[in-house]
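The values are calculated or read from the model by the stated rules, or taken from the named source; none is laboratory data. Note that the structure is predicted; figures quoted are calculated from it, not measured. Here the Cβ is made from the backbone with ideal geometry for all residues, glycine too, and neighbour counts use every protein chain on show.
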């Protein structure tokens, strides 16, 4: 992936909000002092038509006063807070920008605020080139009608391409979108329209590196210091920097949870057969993951479910399944996952899986343990039992859409041990479930590093046994299936599984 020829602008979201309360004079002045290119603020209008700087429509979240801004006077607002921590007026903020190279971005989510805010700017006498407008589309149309000189960033919250008619009507400098909209392809398309690109809101280093690499022109962040530090990084990258790799994997896992929770499957296509589905979300997640990986580790190899790849024994390789359990996801059945692992040869080093339906992220680092939402996994310790499977659940998957070899006898033997089997429909989450204590064990018929390697490392690091069809500990089997089992049931469950396989070979 080619790197951007220049570094993006730094836009401080609500000022230096990682250090000071957002949208206060202290936060805004700190961002100016740190040489932020742009400082973004939000505005509201009080009951007496005064424009103040505040994000929320009420005064409750930050100021402990459960009233709407539109219901109170500017005098009431001015009395909230203490010392420098008070809600400023727009003119208070504008005055900070008279002798600075930083620009002020005025954001609004309601068109009714556009005319009052523009009137304050005009009355202030500040040069209009110092002010940038963004936010509500109708508000931007109002600003453009008020001034042909106004600098406008066009908001874009759709998945498709922006219309040229809209660009002509608004005459913006930038297209301003949530970072999930952007890809290298979309950046190039918008640049070809004569516009620059802005991404909000990016607060982690892996995504910042990606935005820089694909040519984003402005990055909005709550973490001003981190963005400035990331922009100044050298080009030297240790290909086995596992701290960097873990941060990347966790960042992608969190993003995948958000996407799976909020995006509909979109167009649904079939691959090998009518039961083998792929959705727009599968393609969307894998494309973004690939761009993120190459931005953070340009020399790494990638093997993915949707766009393929080749096993390379000596090159650090990422294995991706963007939506494991696509049939479940397409039918909104709450059992699907995302699988991402880094390995060198057949040795997994970093792993992330998700349970988006329960808002859980699992990750593991070789010889450093496994975690659920950042909390270390400690498997339950049960007293010795003659039948550790009694009353427990073992999870499995079909072989495609059919039972796997030995599955009938496996089920029968589990029944003899008063143990229940569940077929879940997503191998990644099925195998991860043992570490999550959703079940005592889990089986898949054919191991695939794309689908199962991340769950295998998470299981190993959580204290589970990970066995191949020879009954050996093996996180990356060359062939055959995989059994993951909690320690207390290893002997009992592995015996049942291996007997079922061998008796039906």
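Take segment 179-194 and flag every residue that is within 27 Å of residue 258 (Cβ to Cβ) and loosely packed, with under 14 Cβ neighbours inside 10 Å.
Result: 185, 188.
Picking from 251, 246, which residue would you name as being outside the structural domain of residue 175 (by TED's automatic domain parsing), more than 29 Å from residue 42 (Cβ to Cβ) and modelled with pLDDT of 95 or more?
246
Could you figure out which of (1) part of a strand (DSSP E or B); (2) over 19 Å from residue 458 (Cα atoms); (3) out of contact with any strand residue (DSSP E or B) (no Cβ under 6 Å at 6 or more places or on another chain) isn't true of residue 323?
Failing condition for residue 323: (2).
From 354, 377, grab the single residue that is touching a residue at least 24 places away in the same chain (Cβ under 8 Å), farther than 25 Å from residue 281 by Cα, crowded, with 19+ Cβ neighbours inside 10 Å and touching a strand residue (DSSP E or B) at 6+ places or on another chain (Cβ under 7 Å).
Details: 354 fails: farther than 25 Å from residue 281 by Cα.
Just a single option satisfies the conditions, and that option is 377.
Looking at this structure, is residue 462 touching a residue at least 40 places away in the same chain (Cβ under 8 Å) and crowded, with 24+ Cβ neighbours inside 10 Å?
Here the answer is yes, as residue 462 does meet what is asked.
What number of residues within segment 385-413 satisfy the criterion of being without any contact (Cβ under 8 Å) to a residue 24 or more places away in the chain and either part of a loop (DSSP other than H, G, I, E, B) or under 26 Å from residue 336 (Cβ atoms) (or both)?
4
Go through segment 357-374 and give me each residue that's farther than 14 Å from residue 428 by Cβ, in contact (Cβ under 8 Å) with a residue 40 or more places away in the chain and out of contact with any helix residue (DSSP H, G or I) (no Cβ under 6 Å at 6 or more places or on another chain).
359, 366, 367, 368, 372
Kindly indicate which of 220, 168 is surrounded by fewer than 22 Cβ atoms within 10 Å (Cβ to Cβ) and either within 23 Å of residue 7 (Cβ to Cβ) or in the same structural domain as residue 127 (by TED's automatic domain parsing) (or both).
After ruling out the rest, the residue left standing is 168.
Restricting attention to segment 414-431, which residues are over 34 Å from the mean Cα position of the chain (by Cα), within 25 Å of residue 336 (Cα to Cα) and surrounded by fewer than 19 Cβ atoms within 10 Å (Cβ to Cβ)?
Of everything in segment 414-431, just one residue is over 34 Å from the mean Cα position of the chain (by Cα), within 25 Å of residue 336 (Cα to Cα) and surrounded by fewer than 19 Cβ atoms within 10 Å (Cβ to Cβ), namely 420.
Which helices (runs of 4 or more DSSP H) does segment 129-235 wholly contain that include 3 or more residues that are under 21 Å from the mean Cα position of the chain (by Cα)?
It comes to 184-192, 205-213, 224-231.
Looking for something part of a helix (DSSP H, G or I), under 22 Å from the mean Cα position of the chain (by Cα) and at pLDDT 95 or above - is there at least one such residue anywhere in segment 259-279?
First, the residues of segment 259-279 that are part of a helix (DSSP H, G or I): 259-262.
With the extra rule that they be under 22 Å from the mean Cα position of the chain (by Cα), the set shrinks to 259-262.
Of the ones still in play, those that are also at pLDDT 95 or above are none.
No, there is no match, as no residue in segment 259-279 is part of a helix (DSSP H, G or I), under 22 Å from the mean Cα position of the chain (by Cα) and at pLDDT 95 or above.
Within segment 461-494, track down each residue that is closer than 13 Å to residue 443 by Cα and either out of contact with any strand residue (DSSP E or B) (no Cβ under 9 Å at 6 or more places or on another chain) or not assigned by TED's automatic domain parsing to the domain that holds residue 414 (or both).
The answer is 480, and nothing else.
Restricting attention to segment 481-494, does a residue exist that is under 30 Å from residue 309 (Cα atoms), within 37 Å of the chain's Cα centre (by Cα) and surrounded by fewer than 23 Cβ atoms within 10 Å (Cβ to Cβ)?
Yes: one or more hits.
So, in segment 365-384, how many residues would count as being outside any loop (DSSP other than H, G, I, E, B) and either modelled with pLDDT under 95 or under 17 Å from residue 441 (Cβ atoms) (or both)?
1
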